[in-house]
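This report concerns only the one structure given below.
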Amino acid sequence: MKRILFFIVFISNFTYCQINRPQHDPPEVVNKYTEVLVFDICTNSITVADASKFKIGDTVLMIQMKGAIIDTSNTSSFGTILNYGNAGNYEFNYLSNKSGNVLTFKNRLTKTYDIPEGIVQLVRVPKLKNAYFGGGLTCMQWDGTKGGVLAIIGINGLTCAESIDVSNMGFRGGEGYNASLPLSNCFANNYNYPSSSQLAGFKGEGISLLSQNISKGKGSPAASGGGGLSHNSGGGGGGNAGMGGFGGYQSDTCGNAPFDNRGIGGKNLTYTTAANKIFMGSGGGAGNADNTDFTAPPLSGGAGGGIAIIITDSLSIFDKGIYANGGNGTYCYSANCNDGMGGGGGGGTILISTYKMSDVFDIQAWGGDGGNISTPIVPGGKVGPGGGGGGGVIFLKANSIPSNIAITTNGGNKGNIINTNDSWGATNGNIGLNFLNLVLPFDTVLFKPNIDSVRIKDSLLTCNSFKFNGDSYTNSYPIATWHWDFADGNTASTQNTTHSFLSENSFPVKLIVTDINGCKDSITDIIKPVIITVDAGMTKSFCSNVPVSTTLHGNGNGSYAWMPAVYLNNSSLQNPIATIDTTRMFYLTVTHNGCSVTDSVKIIIYRNPKLAITKSNDINCTLPFTKLKVIGATKYAWSPSSTLDNSISANPIANPSTTTMYIVSGIDGNNCTSKDSITVVTDFSTSNIMLPNTFTPNGDGINDCFGIKYYRDVQNLVFIIYNRYGEKVFETTNATKCWDGYYKGQRADLGNYVYYLNGHTLCGHIIKKGSIVLMR
């Protein structure tokens, strides 16, 4: 057959070269697909599994396939959609950069995605000029992470000689298998079972993520069909905008027929123009099969219809159509088939963005048919056919349906037991929806990083201490954290802070800001501190009553300036001489590289103490000692000390044998000292001695003992005391001893006593008799 070819120009570096191909040519897959692994909101870029088929300038579609949250309880509420989340979010954008598997979008994404949990894929969308497809168009079949979507942009029109068909390309049906269970396993009735159970078929795939613990059972997860239960009930149909139908009842050979453990049809999904979400058709549930000699194909549920997005100035399809129908449930054609059948897949989603559609053609998003039982049931009776798939959804840009276009979103037919024309509880899928005034979400706002700029304003507090103010300008989201790195091992976490450096290095101070999305930006400012060591010396103190001169000892790396200069011989010297007569504070300012630091030192002048010294008397035969007294200080030292009872007392007792000058040194609280002196004159020219005529030995420390205790230099002493009976009560030859008022160990009687004293003293030979009165 002769083939006529000419060039078709593709926008975004895509080139296509075919026209007028024979109608038997296979449909073409013009899209490229890859799984999205990571989204970086800070750079508006994604990391994908394989970027080899994508180029800068490409138009791309980003779409989240799953992620809806459902009720997972083993109740009739199982599968109820609690939150759609980001499932079904989609938008068009353009690639501005490519680096390995990292692709950057030109415009800011307007929707949010759950990556990677929500199974997000990126689809390369060709922009074709005057495009013609002789074999029609389709898409890659959904494989669990990518595919199921056809998206194309036709410039100056799009023409297909065959259909645009994404039927059976959506979410997968529940996989059929042979459980090999005996007939006694009837009446299984749970909404979910683990994948290891043989009591139920697998549920269909859909917009929710199912763990292996709940992947089987009659409950329908969102729009997916529930699996048939043992024994031999049918799988529910998958849904989309329309609900899927129920599968048929279990085998009537179980008894108590009909027992309702049918696979439940998928729930209908909510579509609104405000939410602008799109979904593939969900898979039908698998029927329950348990024949040990089963040889027919597995009784799987039908796959859902895919998504077709057609964007063009005009669309022409030669009496064909655009289809996104669900796949039929697998039916049994074996001569020995006695099992539940799979449910039909839900219809897909079609979006037509054009006001001009030529020719007469259909646009269909039908649910797939439930699986039939096409052979006699051995040994007889009934088993469950599959439920019909729910209808899909169709969006048109036009505000009314063109007269030459037939739009249908029918539900799929229920399965039947062909020989008896009995559906045995299986039901049809429900009709879907269609919408007008389609607006596709093309991103148009050029991406800008949220953090536009970061700035540091620093100001000097001292030579090595700085105040840092941080500032950041953002486009949409506020700054969440501030982090300062001062390059000396220290950091801070406030917007504004202060910091002191300990060396004169150049420090690259870095401010890192992070917004509420975790996006970061930073700026570095080079800081050069000036470190000045200044020491004005140690405090000095002097004791003086006249002006004092002393050297100040400064230390520092720079030029010197002392104040007040009036008391210094040279205020710019490192070690000037200060002359003062009162306490003064001196200030040393050291200047280095234009920076100044000041330290101070105190010079203290204390006055020497002023002493005042007195004596009680001079020394003679009657007054053998004298009491000295000094005031004006806190501590004292007397000399000579040999004739003093305490040489460091303020009130010592002196008993010199010759005239003596006593010198006292006084120290005050400031350790300042002074001296003074006093002379004690001795005169022993008269021979006389005085004794008291009474004494009172009562223990009060006053006049408690009778004697000549303080009489000095007594020799050949005889000192005796008698009571009135002539009894000797006391006798001593030691001038320092005295009578304490006791006789024979007892307190002596009160009254008169006589004494006799004989001895030689410095004043001559003394013989003295007298009386004494003892009183208490």
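The values are calculated or read from the model by the stated rules, or taken from the named source; none is laboratory data. Everything quoted here is computed from the prediction, not taken from an experiment. Glycine gets a Cβ as well: all are built from the backbone with ideal geometry, and neighbour counts include every protein chain shown. Ligands, DNA and RNA are stripped out before the accessible areas are found, and what is left, the full protein with its side chains, is counted by its heavy atoms. Shrake-Rupley method; radii C 1.70, N 1.55, O 1.52, S 1.80 Å.
When each of Ile512, Ile456, Ile479 is tested for being of a type in the set (Val, Ile, Thr), more than 30 Å from Val60 (Cβ to Cβ) and touching a residue at least 60 places away in the same chain (Cβ under 8 Å), the lone residue that passes is Ile456. If you go through the range 184-195 and pick out every residue that is closer than 14 Å to Gly174 by Cα and surrounded by fewer than 17 Cβ atoms within 10 Å (Cβ to Cβ), you end up with 2. For the range 552-568, which positions are open to solvent by less than 50 Å² (accessible area, probe 1.4 Å) and either at positive phi or not aliphatic (A, V, I, L, M) (or both)? Across the range 552-568, the qualifying residues are Gly554, Gly556, Gly558, Tyr560, Trp562, Pro564.
Is it the case that the range 445-461 has a residue that's modelled with pLDDT of 95 or more, open to solvent by less than 90 Å² (accessible area, probe 1.4 Å) and not hydrophobic (A, V, I, L, M, F, W, C)? Checking the range 445-461: not a single residue is modelled with pLDDT of 95 or more, open to solvent by less than 90 Å² (accessible area, probe 1.4 Å) and not hydrophobic (A, V, I, L, M, F, W, C). Among the criteria (1) surrounded by 24 or more Cβ atoms within 10 Å (Cβ to Cβ); (2) more than 54 Å from the chain's Cα centre (by Cα), the one Ala161 does not fulfil is (1). When you check Ser571 against the structure, is it open to solvent by less than 60 Å² (accessible area, probe 1.4 Å) and of a type in the set (Gly, Ala, Ser), yes or no? Yes.
Scanning the range 130-141 for residues that are open to solvent by 10 Å² or more (accessible area, probe 1.4 Å) and modelled with pLDDT of 95 or more yields a count of 3. Thr375 fulfils the conditions (1) crowded, with 22+ Cβ neighbours inside 10 Å; (2) more than 29 Å from Ile310 (Cβ to Cβ) except for a single criterion, (1). Among the numbered conditions (1) at pLDDT 95 or above; (2) over 21 Å from Phe395 (Cα atoms); (3) open to solvent by less than 10 Å² (accessible area, probe 1.4 Å), the only one that Ile309 does not meet is (2).
Among residues belonging to the range 400-443 that are among the aromatic types (Phe, Trp, Tyr) and under 30 Å from Met357 (Cα atoms), point out the one that is most open to solvent (accessible area, probe 1.4 Å). Looking at the filtered set, the residue picked out is Phe442.
Conditions (1) surrounded by fewer than 24 Cβ atoms within 10 Å (Cβ to Cβ); (2) modelled with pLDDT of 95 or more; (3) part of a loop (DSSP other than H, G, I, E, B); (4) of a type in the set (D, E, K, R), marked per residue:
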residue	(1), (2), (3), (4)
Glu205	no, yes, yes, yes
Lys218	no, yes, yes, yes
Gly227	no, yes, yes, no
Gly234	no, yes, yes, no
Met243	no, yes, yes, no
Phe246	no, yes, yes, no
Thr253	yes, no, no, no
Asn256	yes, no, yes, no
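The set of residues in the range 494-504 being in a loop (DSSP other than H, G, I, E, B) and surrounded by 14 or more Cβ atoms within 10 Å (Cβ to Cβ) consists of Gln495, Phe501, Glu504. What are the residues in the range 59-72 that are of a type in the set (S, T, N, Q) and either open to solvent by 40 Å² or more (accessible area, probe 1.4 Å) or free of Cβ contacts under 8 Å to residues at least 40 places away in the same chain (or both), if any? The answer is Thr72, and nothing else. Flag not set for Tyr94, criterion: modelled with pLDDT under 95 and over 23 Å from Gly345 (Cβ atoms).
When restricted to residues that are surrounded by 11 or more Cβ atoms within 10 Å (Cβ to Cβ) and on the phi > 0 side of the Ramachandran plot, the range 708-719 contains 1. The condition of being among the aromatic types (Phe, Trp, Tyr), in contact with a Cys (Cβ under 7 Å, 6 or more places away or on another chain) and part of a loop (DSSP other than H, G, I, E, B) does not hold for Phe279.
One residue stands out among those in the range 505-541 that are within 30 Å of Ile667 (Cβ to Cβ) and surrounded by fewer than 18 Cβ atoms within 10 Å (Cβ to Cβ): the one that is farthest from the chain's Cα centre (by Cα), which is Ser541.
Does the range 464-493 hold any residues that are open to solvent by less than 80 Å² (accessible area, probe 1.4 Å), in contact with a strand residue (DSSP E or B) (Cβ under 6 Å, 6 or more places away or on another chain) and among the polar types (S, T, N, Q), and which are they? Within the range 464-493, Asn464, Ser465, Asn469, Ser472, Thr474, Thr481 meet the criteria. Within the range 597-620, restricting attention to residues that are surrounded by 17 or more Cβ atoms within 10 Å (Cβ to Cβ) and over 30 Å from Ser665 (Cβ atoms), the residue that is farthest from the chain's Cα centre (by Cα) is Val601.
Selection of the range 720-776 for residues being open to solvent by 60 Å² or more (accessible area, probe 1.4 Å) and touching a Pro at 6+ places or on another chain (Cβ under 6 Å) yields only Asp740. Within the range 31-58, the set of residues being farther than 30 Å from Asp452 by Cβ and touching a residue at least 40 places away in the same chain (Cβ under 8 Å) comprises Asn31, Lys32, Tyr33, Thr34, Glu35, Ala49, Asp50, Lys53. Across the range 88-104, the number of residues qualifying as surrounded by 22 or more Cβ atoms within 10 Å (Cβ to Cβ) and either under 17 Å from Phe442 (Cα atoms) or within 29 Å of the chain's Cα centre (by Cα) (or both) comes to 5.
Do you know which of the residues in the range 459-487 that are among the aliphatic types (A, V, I, L, M) and not in a strand (DSSP E or B) is farthest from Asp599 (Cα to Cα)? Selected residue: Ala487.
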